[in-house]
Amino acid sequence: MKKIPVGISSCLLGELVRFDGSHKRDAYINGTLSHYFDFYPFCPEVAIGMGIPRPTIHLVKRENEIRCVGVKDDSLDVTTRLLDYARAQKAAHAPLCGYILKKDSPSCGMERVKVYSHNHQPNREGFGIYAQEMMFNNPLLPVEEEGRLGDPGLRENFIQRVYVLHRWKQLLAQGLSPQRLTHFHARHKLIIMSHGDYREMGQLLARLTKENLLEIADEYILHLMTMLKSVVTRGQHVNVLQHIQGYLKKDLCVDDKAELCELIERYRNSEIPLIVPLTLLKHHFRKAPDVYIEESFYMSPYPQELQLINQL
């Protein structure tokens, strides 16, 4: 499969672009993820001409406005330049299916960036100036920080969203139609179910016609990508696993059903990872195939080699 385009803060790839000429190379990104993602690096501070090395900057609150200024020389204000750069990258950001940002950066931090007030006491209430504008301009784009990728749930959530958006872009490239949109929804329905109530999206598609296709599609994908931001709980996964088990009710013997129920319950109780009941379900569906289940991305949302569900 062709690698998926993902934006990234340049320093995370090992590029020597930080204020002191160093980098923040991330082993997981450059190792595992590099086999599946084609990384497009951005360093807004270098791009706006601040140089390497350069004066350190931070966020300050001035009259209820957040500005990005020099630490030693607060007359150095790069807020507007960072905003303009983010807006100028609209075409470069358009093909991306995800973005990994450098945490805590006054330009690239996704959230909880230190903001200094008049008494010089920082509060973690800010967003990197470039990052905030980039995210505002790309509301569908999955965005995460490298530090949060160490959490199994957040890591799986981000990568799942990247693959969903990638499949959406493939759908658009093939040519959108009511039939293709409905099929896309069917294949993602169990994923949607794991994140919440799928009925609202079903009701949206029930209004679908050739005439309102583009309007419904825009509303659908925005709703979907927003819903997918929530990390799925064990209880939500259990509901989906039990729903999938229902497709086997005519094919399982008493002992097989008891074994499957036991594994789902053990997963609920955090005794085993999600991959265990999923693997057993796949085993049973190989003996009793079901087209709907076979096509569902819930069963295989991304390459198995990523081993994301092994830790869920």
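What the table below lists for this structure:
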quantity: Residues that are touching a residue at least 40 places away in the same chain (Cβ under 8 Å) and either surrounded by fewer than 17 Cβ atoms within 10 Å (Cβ to Cβ) or part of a helix (DSSP H, G or I) (or both), drawn from region 277-298; calculated: Leu281, Ala288, Asp290, Tyr292, Ile293, Glu295
quantity: Qualifying residue in region 167-181 (condition: within 18 Å of Val6 (Cβ to Cβ) and buried (at least 19 other Cβ atoms within 10 Å of the Cβ)); calculated: yes
quantity: Which listed residue, of Ile8, Ile29, is buried (at least 19 other Cβ atoms within 10 Å of the Cβ) and part of a strand (DSSP E or B); calculated: Ile8
quantity: Identity of the residue in region 49-85, among the β-branched types (Val, Ile, Thr) and over 27 Å from the mean Cα position of the chain (by Cα), that ends up nearest to Gly126 (Cα to Cα); calculated: Val60
quantity: Set Ile244, Ile221: member being closer than 30 Å to His284 by Cα, surrounded by 15 or more Cβ atoms within 10 Å (Cβ to Cβ) and at pLDDT 95 or above; calculated: Ile244
quantity: Failed criterion for Lys250 (all others in (1) over 28 Å from the mean Cα position of the chain (by Cα); (2) assigned to a helix (DSSP H, G or I); (3) among the charged types (D, E, K, R) hold); calculated: (2)
quantity: Extreme residue, nearest to Ile48 (Cα to Cα), among residues of region 88-121 that are surrounded by 13 or more Cβ atoms within 10 Å (Cβ to Cβ), without any contact (Cβ under 8 Å) to a residue 60 or more places away in the chain and touching a helix residue (DSSP H, G or I) at 6+ places or on another chain (Cβ under 9 Å); calculated: Gln89
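The values are calculated or read from the model by the stated rules, or taken from the named source; none is laboratory data. Since the structure is predicted, the reported quantities are computational estimates derived from the model, not experimental observations. All Cβ positions, even for glycine, are placed from backbone atoms using ideal geometry, and neighbour counts span all protein chains on display.
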